[in-house]
Amino acid sequence: MLEIRNLYANINGKEILKGVNLTVKAGEVHAIMGPNGGGKSTLALAIVGYPGVEVTKGEIIFDGKNLLEISPEDRSHEGIFLSFQNPVEIPGVSMVNFLRTALNEHRKYKNLEPLSATDFLRLMREKKELVEMDNKLTNRSVNEGFSGGEKKRNEIFQMAMLEPRLAILDETDSGLDIDALRIVANGVNKLKRPDNSIIVITHYQRLLDYIVPDYVHIFYDGRIVKTGDKTLAAELEKKGYDWIKKELEEKELQY
Amino acid sequence: MFSDILDEIAQSEYKYGFTTNIDTEIIPAGINEDIIRLISSKKNEPEWLLNFRLKAYRHWLTMKMPTWAHLKIPPIDFQKISYYAAPRKKGPKTMDEIDPELIKTFEKLGIPLEEQKVLTGMAVDAIMDSVSVKTTFQENLAELGIIFCSISEAIKHHPDLVQKYLGSVVPYSDNFFATLNSAVFSDGSFVYIPKGVRCPMELSSYFRINANNTGQFERTLIIADEDSYVSYLEGCTAPMRDENQLHAAVVEIVVLKNAEVKYSTVQNWYPGDKEGKGGIFNFVTKRGVCKGENAKLSWTQVETGSAITWKYPSCILQGDSSSAEFYSVAVTNHYQQADTGTKMIHIGKNTRSHILSKGISAGYSQNSYRGLVQVAKNADNARNYSQCDSLLLGDKCGAHTFPYMDVGNENAIVEHEATTSKISEDQIFYCNQRGISTENAVGLIVNGYAKEVINKLPMEFAVEAQKLLQITLENSIG
């Protein structure tokens, strides 16, 4: 489904991604872990086409299509969703208008008629329950005055509305208390289907207790340096990242 | 509904820019006493009106064009403008007598002149260049005693009302452009709502400039007698032309005891091209007076067009406990300029006014809010609240706020708040990531920002205004 090959990317001229390789197949859950500043978020932003990330080399292929040639909105239409680490506030734009516009643009891309107001509101009600989203929040402007946790929950709510085929959750667990974490994770699990995939970027094992990954990748200094199954996450939790760094240094000495 | 609006976004930047080929009578360019006599005689005006015009003209000769606005205005040669242009076929008439080209023109603009085609409760006075083409629903309104006609007709059939109120709110000597208008005004709308009558439909004037090298100087007079109510709308468009055209209108509103007038404008004159060539100079004087107790006047304006917009719809709060509102959205893109706002003059006791101004600047445009809140010595307990917000799209445009306050009464409460914000790239990208194109994202954000004002417009106009905001700002980001 997603194939990233030897990806290099800069932010403000500084090289952040240094040869990322990653393959995600339909139905899989991948966790990406690693120390701060390693470039995990940059990878997520590169996949969704954030203009501040300049890809200098490599490829991102999604369903056989070269994503680097596709606009950010069409990447969304193709089914790629990013749950932002810091969702931005958009004062004056109601959640209802925002989501209705988004959903209908997705439908237009698929040559479907726009959803009627009634159907749209029904869908919204249904999806709100999935993440136990408060009515008060959906009546407000996009993320305006939301707490950190509410913003994250809103991201997953939007994911539920748009039903992406590839969802990237960038530190969706940070800022959530344990109850909210459980609700958000349950929401994500309910959205899991055999034909869609999830990439979870996180620092902590605790989210992975709920959203169980098929693969765990360790991201360090601009690339994936180690891949394992879910036990790797547990190992990281116990030992921290230092042993990875040590291992890498030793490897380099051998060459 | 919102998605419908988005779907309908026109690809062309100014879709009203066409010209109608129609036999037009244009008098020679230039202004002098003979021209004024000519205009007056063409309209078969009574002596008193000719004298009003001449008095204004003589006064105008002593005046200079003001320069205090935050605007760059190229010199205007008033001798090169023609002050009267009229479609050749004459007078108000039945549909059969109107040139079919004119009917087509207004249909193209979304203004059907055939009453059976009008579904919504709206009566229209359609004005092309210097004359009124057709006023709809006149008979129905007349049954209630409501007078809705062109000002030329009103001068003929209701001279007492016109003579009593014309120039009573905006005197002939008021300011450079209002004085010029008083000398050469051609047509406009006249409304009289009798005592105790609530006007059952929206009254609307649609102004269209068509002829080349002409100015439009319309004059609108609205009188709401005691305990009456009317909602009045004004729309305007013009063809695309490389030269600037002057539009200098005067609107006077008289609101008597317990009456209420809502005046809404969606101004979409041709704004000029992307390089700032051409476009209308929209230099307008609009003023109302709340003459009686509890009188109420509200101005709502959505200003998206014109190369330069320079106007301050104002209110004199003369009656005790009278109130006024001013809601404005002014959008400037490319090289457009706007210096607009309001004046609230509190004279009566317990008078209230509310100002809400939303400026949106994009491209290389300059957008200024200028407002005056004045409280007279005897205006006990006067209260004003002003809020002026500016939204910037890009970093080459400018937003400015010039609030003036002149408070002469200790009991008055006058408040002013101002904010400036910018649409951030991260907001746009957030929308993009959810599948919303940049164009639509800007539309969503701008319409969200302007919502409070748009909501004050009558439904039909609100939809139109939302579309306009979006079209005006196309290609303004990235």
Within segment B:253-266, work out how many residues are small (Gly, Ala, Ser) and modelled with pLDDT of 95 or more. 1
Selection from segment B:410-425 of residues that are within 27 Å of the chain's Cα centre (by Cα) and either within 14 Å of chain A (Cβ to nearest Cβ) or hydrophobic (A, V, I, L, M, F, W, C) (or both): B:Val414, B:Ala418, B:Thr419, B:Thr420, B:Ser421
Here is a check on your reading of the model: is A:Leu43 more than 14 Å from chain B (Cβ to nearest Cβ), in a helix (DSSP H, G or I) and farther than 26 Å from B:Ser421 by Cβ? yes
Hey, any hits in segment B:371-388 for a residue that's under 25 Å from B:Gly276 (Cα atoms), part of a strand (DSSP E or B) and not aliphatic (A, V, I, L, M)? no
Are any of the residues in segment B:236-252 under 22 Å from B:Asn44 (Cβ atoms) and either at pLDDT 95 or above or of a type in the set (Asp, Glu) (or both)? yes
If we scan segment B:378-401, do we find a residue that is within 12 Å of chain A (Cβ to nearest Cβ) and under 26 Å from the mean Cα position of the chain (by Cα)? yes
Among the residues of segment B:254-279, how many are under 18 Å from B:Tyr364 (Cβ atoms), buried (at least 20 other Cβ atoms within 10 Å of the Cβ) and not hydroxyl-bearing (Ser, Thr, Tyr)? 3
Residues of segment B:446-462 that turn out to be over 17 Å from A:Pro91 (Cα atoms) and not in a helix (DSSP H, G or I), as a count: 3
Can you name the residue in segment B:148-171 that is of a type in the set (S, T, N, Q) and closer than 17 Å to B:Ser186 by Cα and, of all such residues, is surrounded by the most Cβ atoms within 10 Å (Cβ to Cβ)? B:Ser150
Going by what's in this entry, would B:Leu468 be described as more than 12 Å from chain A (Cβ to nearest Cβ), in contact with a Lys or Arg (Cβ under 8 Å, 6 or more places away or on another chain) and touching a residue at least 12 places away in the same chain (Cβ under 8 Å)? no
Number of positions in segment A:174-194 that are touching a residue at least 24 places away in the same chain (Cβ under 8 Å) and closer than 23 Å to A:Leu99 by Cβ: 13
Inside segment A:10-37, can you point out the residues that are surrounded by 21 or more Cβ atoms within 10 Å (Cβ to Cβ), within 18 Å of the chain's Cα centre (by Cα) and at negative phi? A:Leu17, A:Val20, A:Leu22, A:Val29, A:His30, A:Ala31, A:Ile32, A:Met33
Yes or no: segment B:340-354 includes at least one residue that is over 21 Å from B:Glu415 (Cβ atoms) and not polar (S, T, N, Q). no
Look at segment B:390-419 and say how many of its residues are under 11 Å from B:Ser361 (Cα atoms) and either of a type in the set (A, V, I, L, M) or part of a strand (DSSP E or B) (or both). 7
Please work out which residue is surrounded by the fewest Cβ atoms within 10 Å (Cβ to Cβ), limiting yourself to segment A:70-95 and to residues that are under 18 Å from A:Leu45 (Cβ atoms) and modelled with pLDDT under 95. A:Asn86
Scanning segment B:426-447 residue by residue, the ones that are over 31 Å from the mean Cα position of the chain (by Cα), crowded, with 18+ Cβ neighbours inside 10 Å and either within 7 Å of another protein chain (Cβ to nearest Cβ) or modelled with pLDDT under 90 (or both) total 9
Can you find, within segment B:324-337, the residue that is modelled with the lowest pLDDT among those that are more than 13 Å from the chain's Cα centre (by Cα) and crowded, with 24+ Cβ neighbours inside 10 Å? B:Asn333
For residues that are under 15 Å from A:Leu99 (Cβ atoms) and assigned to a loop (DSSP other than H, G, I, E, B), scanning just segment A:146-168, find the one that is farthest from the other protein chains (Cβ to nearest Cβ). A:Phe146
Would you check which residues across segment B:362-392 are buried (at least 22 other Cβ atoms within 10 Å of the Cβ) and of a type in the set (A, V, I, L, M) and list them? B:Ala362, B:Val373, B:Val375, B:Ala379, B:Ala382, B:Leu391
Taking B:Gly348 as the residue in question, decide whether it is in a loop (DSSP other than H, G, I, E, B), farther than 20 Å from B:Gln267 by Cα and in contact with a Cys (Cβ under 7 Å, 6 or more places away or on another chain). no
Do we find a residue being in contact with a Leu (Cβ under 7 Å, 6 or more places away or on another chain) and among the basic types (Lys, Arg) anywhere in segment A:70-77? yes
Just one of B:Asp174, B:Asp187 is surrounded by fewer than 21 Cβ atoms within 10 Å (Cβ to Cβ), acidic (Asp, Glu) and not in a helix (DSSP H, G or I); which is it? B:Asp174
Pair list, Cβ under 8 Å, 6 or more apart: segment A:48-67 residue away from chain B (no Cβ under 14 Å) and under 18 Å from A:Gly13 (Cβ atoms), other residue part of a strand (DSSP E or B) and charged (D, E, K, R): A:Thr56/A:Glu15; A:Gly58/A:Arg5
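For every residue, the table says whether it meets (1) out of contact with any Phe, Trp or Tyr (no Cβ under 7 Å at 6 or more places or on another chain); (2) in a strand (DSSP E or B); (3) not polar (S, T, N, Q).
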position: A:Gly19; (1), (2), (3): no, yes, yes
position: A:Leu22; (1), (2), (3): yes, yes, yes
position: A:Phe81; (1), (2), (3): yes, yes, yes
position: A:Val88; (1), (2), (3): no, no, yes
If we ask which residues in segment A:98-145 are closer than 24 Å to B:Val442 by Cα and either loosely packed, with under 12 Cβ neighbours inside 10 Å or within 13 Å of chain B (Cβ to nearest Cβ) (or both), their number turns out to be 28
When you go through A:Glu105, A:Glu126, A:Glu69 one by one, which is the residue that is among the acidic types (Asp, Glu), closer than 25 Å to A:Phe146 by Cβ and out of contact with any helix residue (DSSP H, G or I) (no Cβ under 8 Å at 6 or more places or on another chain)? A:Glu126
Out of segment B:294-324, which residues are part of a strand (DSSP E or B), in contact (Cβ under 8 Å) with a residue 60 or more places away in the chain and farther than 20 Å from B:Ala249 by Cβ? B:Leu317
Would you confirm, using the coordinates I've provided, whether A:Asn86 is at the interface with another protein chain (Cβ under 10 Å from one of its Cβ atoms), of a type outside the set (A, V, I, L, M, F, W, C) and farther than 16 Å from B:Ile436 by Cα? yes
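The values are calculated or read from the model by the stated rules, or taken from the named source; none is laboratory data. The structure displayed is predicted, hence computed values, not measured ones. Glycine also receives a Cβ, built like all others from the backbone with ideal geometry; neighbour counts cover every protein chain displayed.
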